[in-house]
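Worksheet: one structure, shown below.
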Amino acid sequence: MLDFVVIFTKGGVVLWHSSATESSFASCINSLIRGVILEDRNTEAKYFEEDHLAVQFKLDNELDLVYAAIFQKVIKLNYLDGFLADMQAAFKDKFGGIPSAERLGNEYDFDREYRRVLSAAEEASAKQVKAPKAMRSYNESQKSKKTVASMIQDDKKPVEKRVNIQESPPSSKSQPSSPPENGASMDDIIRENRRKLREKLTPTKKTSPGDPRPSKTTASEKAGKKPRVWDLGGNSKDAVNLDRSKDTPEDVQYQNINSELVGTMQGVIRDLDVESEDDAENEEESSDEEEEEELVQSKKNKRGGLLSYFKGIVGAKTMSLADLQPALEKMRDHLISKNVATEIAAKLCDSVATSLDGKQMGTFDSIASQVKEALTQSLVRILSPKRRIDIIRDALESKRNGRPYTIIFCGVNGVGKSTNLAKICFWLIENDFNVLIAACDTFRAGAVEQLRTHTRHLNALHPATKHDGRTMVQLYEKGYGKDAAGIAMEAIKFAHDTRVDVVLVDTAGRMQDNEPLMRSLSKLIKVNNPDLVLFVGEALVGNEAVDQLVKFNQSLADYSSNENPHIIDGIVLTKFDTIDDKVGAAISMTYITGQPIVFVGTGQTYADLKAINVNAVVNSLMK
């Protein structure tokens, strides 16, 4: 079932593997190391796929090892979690005492333990799978054992019961009827049952002496209102003394002036339900005992305070998920407050928890400092580009090859594509590249006029007289309502014929859920095959940035007929000067695509274009 099992360090040094044909699985393991372990991406899933293979792995942060099992992706193995945990425990028991400096130079004989752990896991998994219950044959069923006589007897019982129910419905208080005498017909039985029912339903006028039921009340008793008996009202004499319903006015006046009744309280008021004196005494005794115990304990602490202090700081502590959880929850809330998408913040914290689980904490370190340090390292790795994007160098290479370097800008409405395109154009002119702007936003009113204004201003800043007669910025436009892919193709051909260095293609803003416009963008990229596709996004958004990037990438991949579709290569983050220290959108966008942030827009002038400072962004997030 398992194709390959390997134990290696986080740096990629293989300590042990289950098969001698590891070369066929080397690419899968290398992809796991590069894409997951070194990048700290999605390590909470502990699952990785490549082509038809799947890898389930477990990290051992104490020994800095990785336990990985490779199998076919179509197979579902439910015992892998327990198997990897048992293999980790067995490997640690056998080789955990070897120092890390000597660990790499030793040969590990782990085959016998591996076979034992694997067989135990497979047997435990087989026991959990219950075999389907076999169906009984007809001869084994109860129905086959019934005789004809039993069937006839069973058929008679419901008929009698049905007749009794129809003629005389039983009540909960009725007594069971006596069995019919010999020779009695069914009509006699029904008649007798009706008579008994009639007697029960007829009310009797006389009551027997021993009848506990009360007799009917008289009219005089009905007229008077019965005094209410209170639960805390004392004895019955109080009710008699206080009853004024039967007194005459003379009696009432006499009783009002009777000095014997004034100020007297003949009834005893019941105490409230409070704790008894015995309970209070017991509580006082227990409190005294607790105070004595605390006193003794404080004396012990004073005597052993210095030793206990050294005991607390000497030796390293192993961090567990329960210890890390409070600090991770606070860090997750902090990241969300910094405009990091909720889903990304949770994944980052899970990744940090996986990297710190089981790791030894330093003597004077705290869990909060360990979490902060691990998260800082993870953020730096995320923001650091996985591949090099050097537009100047690539544009010079294209110029030497005699073709223009093409960049396509895409994004949602209103994020600042045209404005930041002009800023990048100014930066290219400053580096002595002449630029052709292709006005492929043929939908928004005023889009072409906006680019025409930018072209005029840029040429005024860099006139042709300063560049040996070269016009540094040109605009290629065909008006509105035309096919954007065709205009871009014509612009690139025009740039090739006139030896223009760089072509910047402006596209219409579109929402990520607009299928026709996303198909049009995918067609534009497929037909023109640009060197770089930049997604322009706002630094103001949080969760929306994740949705935009995911759907843009997915649409570019789904609506392209190429085997390897061209998706987003980099990100331009606009309005970065409006968010203060809430720079979480940079993390969200980079985490989703894995592509770097190429430019950051910070102001209103052409010169307000900067490269992202990874350390500055991470410091703003962590403070």
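R387 exposes around 100 Å² of accessible area when a 1.4 Å probe is run over every protein chain in place.
Please report the carbon-and-sulfur percent of the accessible area for the range 394-547; probe 1.4 Å, protein heavy atoms only, DNA, RNA and ligands left out. Before the final figure, lay out each step's value.
Working: 3400 of 6560 Å².
Its accessible area is 52 percent carbon and sulfur atoms.
Placing +1 on the Cβ of every Lys and Arg and -1 on the Cβ of every Asp and Glu, with nothing else charged, gives the range 515-623 a dipole about its Cα centre of roughly 60 debye.
Can you give me the accessible area per residue for the range 459-557, using a 1.4 Å probe, in Å²? Spell out each step's value before the answer.
On the way: 4490 Å² over 99 residues.
Counting only protein heavy atoms, the per-residue value for the range 459-557 is 45 Å².
Using the Cβ of N434 as centre and a radius below 9 Å, the other residues enclosed give a net charge of 0, where K and R count +1 and D and E count -1.
Using bins of 5 Å that start at zero, the share of Cα-Cα pairs per bin across the range 477-564 amounts to 2, 12, 22, 22, 19, 13, 7, 2, 0, in whole %.
With +1 on the Cβ of every Lys and Arg and -1 on the Cβ of every Asp and Glu, and nothing else charged, how large is the dipole of the range 323-448 about its Cα centre, in debye rounded to the nearest 20?
Numbers: 17 positive and 14 negative charges, 98 e Å.
My answer is approximately 480 debye.
When T202, T574 are compared by accessible area at a 1.4 angstrom probe, the order from most to least is T202, T574. Selection among L517, V550, L534 by position relative to the dipole of the range 498-567 gives L517 as farthest towards the positive end (Cβ unit charges, Cα centre).
The values are calculated or read from the model by the stated rules, or taken from the named source; none is laboratory data. These figures come from a predicted structure and were not determined experimentally. All Cβ positions, even for glycine, are placed from backbone atoms using ideal geometry, and neighbour counts span all protein chains on display. With ligands, DNA and RNA removed, areas are computed over all heavy atoms of the protein, side chains included. Shrake-Rupley method; radii C 1.70, N 1.55, O 1.52, S 1.80 Å.
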